[in-house]
Amino acid sequence: MKILVVEDERKLGQFIQKGLQEAAYTATLVGTCAAAEDALAESHYDAIVLDIGLPDGSGLDVLRRWRQSGFSEPVVILSARGQVDDRITGLNLGADDYLPKPFSFDELLARLRSLLRRESKQKRTRYEHAGIGMDLLSRKVTAAGQPVDLTGREFALLELFLANPGRVLTRTQIAERIWETSFDSETNLIDVYVKKLRTKLPNGTDGTPLIRTVRGTGYVLP
Ligand code: CA
């Protein structure tokens, strides 16, 4: 699941991003209203953490435009001001929750999880494929019923394969989806991560890795 973090206080933004990544979410950090609008125009996000006081405007204006344009995923607003007015305006504009600064990361995570859980009642919350089970809410993975311990990036990578069974994913596609960047596809970073993921997953019934290499192209989970 992808979360957009809009926060101009660099340290706080990075702290939230890192915490979300450790909790196995893919988190993108931006620091302005303009960058936030660009991010949402370019990609889908499952939830947004939105600071109100941004250098080029108010997060509340961004929220208003998103809701008007039909974006319906959960939004948690953050505000240093902690004023009742902001909170009420934010909730009226379609924010799902509100956290006054300072807040604990655990509290933010708990609220995001609860919103995503509520949201996902009509959505997919689980993948079952080739003996692998992935629960998107508890962030747990099993292989043949046994728990598999994955890092945030490994989880996101496996989620991408499970969401696209039988589809060949190029290294560029994987880089864009997991690392939020398209870097030179000659880099072996993706190969390293796929290798790590393979060591944690059992092989298929024919003894070969579940995630197959498509020579010169990328990878596929058949
Ligand atoms: Ca701010």
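Quick notes
- Long-range amide H partners of Arg139 with built H, under 5 Å: none
- For the chain, with +1 on Lys and Arg beta carbons and -1 on Asp and Glu, the positive-most of Ala23, Tyr45, Gly90 along the dipole: Ala23
- A simple rule links phi to the HN-Hα coupling: the Karplus curve 6.51 cos²θ - 1.76 cosθ + 1.60 with θ = phi - 60°, which for region 61-75 gives 5, 5, 4, 4, 5, 4, 5, 5, 8, x, 5, 10, 6, x, 10 Hz, with x for Gly and Pro.
- In plain terms, the chain from Val220 to Val192 could stretch by 8.5 nm, reckoned as 0.36 nm per residue minus the Cα-Cα distance.
- Vicinal HN-Hα couplings computed from phi for region 165-173 (Karplus, 6.51 cos²θ - 1.76 cosθ + 1.60; Hz; Gly/Pro x): x, x, 9, 6, 9, 6, 4, 5, 4
- Maximal additional length on extending the Arg212-Glu9 stretch stands at 68.9 nm, based on 0.36 nm per residue less the C-alpha distance.
- Around the Cα centre of region 2-122, unit charges on the Cβ atoms of Lys, Arg, Asp and Glu (plus for the first two, minus for the last two) sum to a dipole of about 320 debye.
- Expressed as a fraction of 2.2 N^0.38 Å, the C-alpha radius of gyration for the chain is 1.09.
- The stretch between Val168 and Ala34 holds 44.9 nm of extra length on full extension. This uses 0.36 nm per residue minus the Cα-Cα distance.
- Dipole check for the chain: with +1 at the C-beta of Lys and Arg, -1 at the C-beta of Asp and Glu, and the Cα centre as origin, the magnitude is about 780 Debye.
Throughout, read-outs are computed from the coordinates displayed, never taken from laboratory work. Note that the structure is predicted; figures quoted are calculated from it, not measured. Neighbour counts run over all protein chains shown; Cβ positions are idealised from the backbone, glycine included.
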